[in-house]
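The values are calculated or read from the model by the stated rules, or taken from the named source; none is laboratory data. Every value quoted in this text rests on a predicted model; they were computed, and no experiment measured them. Neighbour counts run over all protein chains shown; Cβ positions are idealised from the backbone, glycine included.
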C-alpha cells in the first residue's frame, strides 16, 4: 500500500530514499529486521506497535527517526504503529535538523521560543506530527510496552535499562552536529536524514509483508 505524501516529499522518496535502500549494509539489516519483527508481532497481537527513538538530546537523530518512521508506516498502511522520540536530557528541536527535513519535502511550522513544539506534516490526509525535545520518559511518550530504538551510542551506554521498554534495539547513527558551522554542515544533515529514511523504509517494507 502506497499512500500519498506531499509532492516534494514524494519526489524525494522516489529519487533518493527508495534507491538508497539498496545500499543498506547487511550488518544493519539485522537490527532493522528485529524492529520489523516487533511491529509484526504487535499487529498479530491486535495492539499498537509503539517505537520510541532515543538519543542524547532529542534534537536531531531521534526526531529524524520519529518522523521518517511515521512517514514510512503511513506509506505502508501500518496503522497500528505509533512513533515517539526522547532523550536522556531535553534541549530543543535543532533548526538544522528541521531544515534538512524541509529540504526533503516535509512541511512544518517554525515556532519561536526555546524548545517550542513544531508541527510537521508529510501528507494532507492526516494531522501533523507534534515534535519537540523531551526526555524519553516524558508523559507524552508511552511508559510501557514500547520498543526503544537507540539512535546514538552515548544514549545507549547511558541507559543500560530503559524502564518500561518491551524491546530494545541499538541503531546508532553518526551525529551531524559534528559538522555544525562548517561548509559540510548542510550535506551532513541531509546525509544523516537520508540514511535514517532509507533504513526505516526498509523496516516498514519488511513489516508490511
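For the range 106-158, what are the residues that are assigned to a loop (DSSP other than H, G, I, E, B), touching a strand residue (DSSP E or B) at 6+ places or on another chain (Cβ under 7 Å) and in contact (Cβ under 8 Å) with a residue 60 or more places away in the chain?
Those that are assigned to a loop (DSSP other than H, G, I, E, B), touching a strand residue (DSSP E or B) at 6+ places or on another chain (Cβ under 7 Å) and in contact (Cβ under 8 Å) with a residue 60 or more places away in the chain: 106, 133, 134, 136, 141, 142, 145, 151, 152.
I'm trying to understand the selection: among the residues of the range 175-209, which are in a helix (DSSP H, G or I), more than 19 Å from the chain's Cα centre (by Cα) and in contact (Cβ under 8 Å) with a residue 40 or more places away in the chain? Write out each step before concluding.
Here is the first cut: in the range 175-209, the residues in a helix (DSSP H, G or I) are 176-179, 185-207.
Still in the running and more than 19 Å from the chain's Cα centre (by Cα): 178-179, 185.
Listed by number, the list holds a single entry, 185.
Taking the range 81-90, which residues are assigned to a loop (DSSP other than H, G, I, E, B) and buried (at least 16 other Cβ atoms within 10 Å of the Cβ)? Steps first, answer last, please.
Applying the first criterion (assigned to a loop (DSSP other than H, G, I, E, B)) to the range 81-90 yields 88-90.
Hits for the range 81-90 are 88, 90.
Does residue 99 count as over 27 Å from residue 165 (Cα atoms), assigned to a helix (DSSP H, G or I), at pLDDT 95 or above and out of contact with any strand residue (DSSP E or B) (no Cβ under 9 Å at 6 or more places or on another chain)?
Numbers: over 27 Å from residue 165 (Cα atoms): yes; assigned to a helix (DSSP H, G or I): yes; at pLDDT 95 or above: yes; out of contact with any strand residue (DSSP E or B) (no Cβ under 9 Å at 6 or more places or on another chain): yes.
When the stated conditions are applied, residue 99 passes them.
Can you find even one residue in the range 40-59 that is closer than 26 Å to residue 189 by Cβ, part of a helix (DSSP H, G or I) and at pLDDT 95 or above?
No, there is no match, as no residue in the range 40-59 is closer than 26 Å to residue 189 by Cβ, part of a helix (DSSP H, G or I) and at pLDDT 95 or above.
crowded, with 24+ Cβ neighbours inside 10 Å and in contact (Cβ under 8 Å) with a residue 24 or more places away in the chain: is that true of residue 62 in this structure? I'd like the intermediate steps shown before the answer.
On the way: crowded, with 24+ Cβ neighbours inside 10 Å: yes; in contact (Cβ under 8 Å) with a residue 24 or more places away in the chain: yes.
Yes.
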